[in-house]
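Asker: I have a structure here, written as structure tokens, and I will follow up with some questions on it.
The values are calculated or read from the model by the stated rules, or taken from the named source; none is laboratory data. Note that this is a predicted model, so its numbers are computed, not measured. Cβ placement follows ideal geometry from the backbone for every residue including glycine, while neighbour counts extend to all protein chains displayed.
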Amino acid sequence: MHTIIIGKNHGNRSRWMRELKPMITDPRGFYTESVADPSIGGIRVYMRGIGTGTQSSDEEEFIGTCVNRHTETCVRGYEHIIPALRSILDGSSVIMDHLGSMDACCPEFQKEVLSLFDRCTVLAAVPDKVPDYLKTIPVRADTCCFNAETDELETVKQMLI
């Protein structure tokens, strides 16, 4: 069963994922990290691999910037994570924290994300405006969706136990 955390407020989705991630044994996948950058007046965003067995540099993991809610993406960072996503064994537990509109820059990344829903158990965070490529995921019979603004985190924790 897949678990999708949906929310408008990035802070709530992130808080939920921080509490849920330790409940997943030996996860694979990725999380995004936002780092303030005063030189651009916004944030730099990185995609960090989980359980990939490889060390990467900030340059390889850089996926873009966000300044005043305007994003610019760097496809190279998305392309960097694709081999790790492809190498995830069928039946693995996968964390994708988080998926969103920046993913549009890399159709190959989107394809690998969707394949994980067909062959693994996924815990993922997505914005309330679900990106087009993910529209079919929340309505799948093998998926439970929770709203980080209105649902109870304890309910999700009990489901994951």
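Asker: Just one of the numbered conditions (1) in contact (Cβ under 8 Å) with a residue 12 or more places away in the chain; (2) part of a helix (DSSP H, G or I); (3) farther than 18 Å from Met47 by Cβ is not true of Thr155; which one?
Answerer: (1)
Asker: Do we find that Tyr46 is under 30 Å from Thr155 (Cβ atoms) and assigned to a strand (DSSP E or B) in this structure?
Answerer: For Tyr46, the condition - under 30 Å from Thr155 (Cβ atoms) and assigned to a strand (DSSP E or B) - is not met.
Asker: Another question, if that's okay. For Ile88, state whether it is under 21 Å from Pro22 (Cα atoms) and modelled with pLDDT of 95 or more.
Answerer: Taking the combined requirement at face value, the residue satisfies it.
Asker: In the stretch 21-60, how many are surrounded by 11 or more Cβ atoms within 10 Å (Cβ to Cβ) and closer than 28 Å to Ile161 by Cβ?
Answerer: 15
Asker: Here is a list of conditions, (1) in a strand (DSSP E or B); (2) touching a Pro at 6+ places or on another chain (Cβ under 8 Å), and Ile63 meets all of them except one; can you say which number that is?
Answerer: (2)
Asker: Give Ile88, Ile63, Ile82 a once-over and let me know the one that is crowded, with 19+ Cβ neighbours inside 10 Å and farther than 30 Å from Ile161 by Cβ.
Answerer: After applying the criteria, what remains is Ile63.
Asker: Please state which of the following conditions Glu149 fails to meet, knowing it meets all the rest: (1) in contact (Cβ under 8 Å) with a residue 60 or more places away in the chain; (2) touching a Lys or Arg at 6+ places or on another chain (Cβ under 7 Å); (3) surrounded by 13 or more Cβ atoms within 10 Å (Cβ to Cβ).
Answerer: Here Glu149 clears every test but (3).
Asker: Within the stretch 105-150, count every residue that is modelled with pLDDT under 95, in a loop (DSSP other than H, G, I, E, B) and under 20 Å from Pro22 (Cα atoms).
Answerer: Adding up the residues that qualify gives 1.
Asker: Could you tell me which numbered condition Ser14 fails, if it satisfies all but one of (1) under 26 Å from Cys145 (Cα atoms); (2) of a type outside the set (Lys, Arg); (3) at pLDDT 95 or above?
Answerer: (3)
Asker: If you go through the stretch 35-54 one residue at a time, do you hit one that is charged (D, E, K, R), touching a helix residue (DSSP H, G or I) at 6+ places or on another chain (Cβ under 8 Å) and closer than 26 Å to Glu149 by Cβ?
Answerer: Within the stretch 35-54, one or more residues are charged (D, E, K, R), touching a helix residue (DSSP H, G or I) at 6+ places or on another chain (Cβ under 8 Å) and closer than 26 Å to Glu149 by Cβ.
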